[in-house]
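A.B. asks: One structure, as structure tokens, below. Some questions next.
The values are calculated or read from the model by the stated rules, or taken from the named source; none is laboratory data. Worth saying up front: this structure is predicted, and the values here are computed from it rather than measured. Using ideal geometry, Cβ is built from the backbone for each residue, glycine included, and neighbour counts are taken over all protein chains shown. Just the protein is used for accessible areas: all its heavy atoms, side chains included, with ligands, DNA and RNA removed. Shrake-Rupley method; radii C 1.70, N 1.55, O 1.52, S 1.80 Å.
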Amino acid sequence: MMSEKYRYLLELIESKRAKLGIIGLGQVGLPTALSFADAGFSVTGNDVNKNLLDGLAKGAIPFEEEGLADLLHKCLQNNKFHTVERTEELIRECDVIIVCVPTPLTEHVRPDMSYLEDIMQILANSFLEGKLVIIESSIPPGTFEDMILPHLQKKNMLGDNVWAAFVPERLAPGSATREIRTTPRVIGFHDIASGHLAQSLYKKMISGQVITTDVRIAEISKLVENTYRDVNVALANEVSLICEIYGIDFKELQTVCNSHPRVNLHSAGPGVGGPCLPKDPYLLLNPHGGNTIESKIIQHARNVNDSMPRRVVDLIASGLSFHGKSLSDSKIGIWGVAYKANVSDTRFSPAKMVISELIRQGSHVIVFDPYTQESFGGTKVSDMWGAVEGSDALVIITDHNTFRNADLDSIKSKLSTPVVVDTRRMFDGNLARSISLTYLAIGYPGLRK
């Protein structure tokens, strides 16, 4: 039989009178906070970055995300969203606490749980009676039962007067404000009461399916989803290198293969980046408190994707060599350093390794990206053509829409040496070569003298 406190919290959630607190206002936490606020809940946000909190209060978003600025303005106008500096204040004020802090990798590619552990220590020392705690941060398998629950049960009785669930985020930067409402969500629970409360909450915000399951399955599901994508990208990248050996066009091969109803060959590219694909396979293979699990296919996929920036550098060197030049005496223009199109996120971006290696080998690197000020050590310019003018090669690393309408004749006329390395296949290679551009791409037939 459910307790009176449970029934009271459930009624608060069902009537949208529950006060929600979001700890961590990054690329998961902020869209989550504003989406719940837009759904009618009163939401309090907290983050260790005080400048971020000040900016949000003034309506300034900290990163590029379609629709986020308008959503923030709407929630501020409706008095549905505000921020506080002290985590303890948020916990005290709110009925539901959603934790969205990062869980990055250490330099030894092991999970860094320090941010989450800090928050759990604060929660362990807080009065949580009548509250629901939800973890959205990505976590290694076993973390919820072995680390989250012991902290929460330090002063409280889980399932009786405090409840907890794991709800893995499923956002994609660039489309977060849309996908958060429509993508099915998974509720991982340890006790049925916690699962019911979390399910009720998310049903008030999303139109997609809400799936409940054992918390260990929920933990692993998030990591397997991104590992699946990482392995499939690695297959595409490895096939693209095979295509180069055979002298055929990977993109045409991809089109032919994907005409099969049970085949979905992914696109090849300069590598993978962002907050999930380079990290989650390592979380999957490093259970909380346990030894690293061996997986040949998963580790090989990581190695393949991590190797692709070096292939990009090789293509640049090959194009320059075709014209009797080397990396050490060349000016290289870079279009895009974000890890994917039309976002400002540069975490694990392939551009970092490409630019770093070019600089190491003596190249003068000019960088343009309309979404971020990051240059990874290159010289930042404010105009896309500033990265082309007088350069010996133009390298497209990110397929921002800004670059799609660029004219190949204009590119050729501004380059000092007519080399284009198109890692995202934004341009027609045959057309480029027909106007005497030295066009190279991953998975594209090589140059012939």
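A.B. asks: Using the Cα centre of the chain as origin and beta-carbon charges of +1 (Lys, Arg) and -1 (Asp, Glu), tell me which of 256, 122, 381 is placed farthest towards the positive end of the dipole.
C.D. replies: 256
A.B. asks: Could you point to the residue in 218, 90, 3 farthest towards the positive end of the chain's charge dipole, with +1 and -1 charges on the Cβ of Lys/Arg and Asp/Glu respectively?
C.D. replies: After comparing all options, I get 218.
A.B. asks: Keeping every protein chain present and rolling a 1.4 Å probe, give me the accessible area per residue for the chain in Å². Could you put the intermediate results ahead of the total?
C.D. replies: Numbers: 19280 Å² over 449 residues.
With the other protein chains kept in place, the chain gives 43 Å² per residue.
A.B. asks: Report in % the part of the accessible area of the range 276-339 that belongs to carbon and sulfur, leaving out ligands and nucleic acids; probe 1.4 Å.
C.D. replies: Working: 1310 of 2560 Å².
Carbon-and-sulfur percentage of accessible area, whole number: 51.
A.B. asks: Which order do peptides 23-36, 106-119 fall in by mean Cβ count within 10 Å, highest first? Kindly include the intermediate steps, with their values, before the conclusion.
C.D. replies: Details: 23-36: 25.6, 106-119: 15.1.
The packing order, highest mean first, is 23-36, 106-119.
A.B. asks: Go through the range 313-408 and name the trypsin sites (Lys or Arg not before Pro) that are in a DSSP coil and have 15 or fewer other Cβ atoms within 10 Å of their Cβ. Please list the in-between numbers first.
C.D. replies: Numbers: sites: 325, 331, 340, 347, 352, 360, 380, 404; in loops: 325, 340, 347, 404.
Passing both the DSSP loop test and the Cβ count: 404.
A.B. asks: So for each of 120-129, 223-232, 165-174 I average, over its residues, the number of other beta carbons within 10 Å; can you give me the resulting order with the highest mean first?
C.D. replies: Working: 120-129: 16.8, 223-232: 18.7, 165-174: 22.2.
My ranking of the peptides, most packed first, is 165-174, 223-232, 120-129.
A.B. asks: Follow-up question, since we're still on this one. Which of rounded, prolate or oblate describes the range 233-310 when judged by the alpha-carbon gyration tensor and an a/c cut-off of 1.5? Display every interim value, and only then the final one.
C.D. replies: Numbers: a/c = 2.59, a/b = 2.03, b/c = 1.28.
Since a/c reaches 1.5 and a/b is larger than b/c, the shape of the range 233-310 is classed as prolate.
A.B. asks: What pairs from 5/155; 80/203; 155/203 go past 21 Å between their alpha carbons? Each step should come with its number before you reach the end.
C.D. replies: Values: 5/155 16 Å; 80/203 19 Å; 155/203 29 Å.
The answer is 155/203.
A.B. asks: Angle, helix 296-322 long axis vs. longest principal axis of the chain, Cα atoms, 0 to 90°, nearest 10?
C.D. replies: 30
A.B. asks: Take the Cβ-Cβ distance between residue 257 and residue 410 as r, set R0 to 41 Å, and report the resulting FRET efficiency rounded to the nearest 0.05. Display every interim value, and only then the final one.
C.D. replies: Numbers: r = 34 Å, r/R0 = 0.83.
For R0 = 41 Å, the calculated efficiency reads 0.75.
A.B. asks: If you don't mind, there's one more thing I want to ask. Could you go through the range 250-262 in sequence order and give the Karplus-derived ³J(HN,Hα) for each residue, using 6.51 cos²θ - 1.76 cosθ + 1.60 with θ = phi - 60°, rounded to whole Hz, and x for Gly and Pro?
C.D. replies: Along the range 250-262, the couplings run 4, 4, 5, 4, 4, 4, 5, 4, 6, 6, 6, x, 10 Hz.
A.B. asks: Rounded to the nearest 0.05, what FRET efficiency do residue 329 and residue 434 give with R0 = 35 Å and r taken as the Cβ-Cβ distance? Could you check?
C.D. replies: Details: r = 28 Å, r/R0 = 0.81.
Efficiency computed from Cβ-Cβ geometry: 0.80.
A.B. asks: Still on this model: Give the angle, between 0 and 90 degrees and rounded to the nearest 10, that separates the Cα long axis of helix 4-14 from the longest principal axis of the Cα atoms of the chain.
C.D. replies: That works out to roughly 40 degrees.
A.B. asks: Rounded, prolate or oblate: pick one for the range 109-200, where a ≥ b ≥ c are the square roots of the eigenvalues of its C-alpha gyration tensor, a/c under 1.5 means rounded, and failing that, prolate if a/b is larger than b/c, else oblate.
C.D. replies: Values: a/c = 2.08, a/b = 1.32, b/c = 1.58.
Cα axes put the range 109-200 in the oblate bin.
A.B. asks: With charges set only on the Cβ (+1 for Lys and Arg, -1 for Asp and Glu), what does the dipole of the range 165-259 come to about its Cα centre, in debye to the nearest 20?
C.D. replies: Working: 10 positive and 11 negative charges, 127 e Å.
My answer is approximately 620 debye.
A.B. asks: Can you say what percent of the DSSP beta bridges in the chain, counting only those with both residues inside, are antiparallel? Round to 5. Each step should come with its number before you reach the end.
C.D. replies: Values: 3 of 47 bridges.
Of the beta bridges lying entirely in the chain, close to 5 percent run antiparallel.
A.B. asks: Whose amide H sits under 5 Å from the amide H of residue 420, counting only residues 5 or more places off or on another chain, with H placed in the peptide plane?
C.D. replies: Under 5 Å from the amide H of residue 420: 394, 438, 439, 440.
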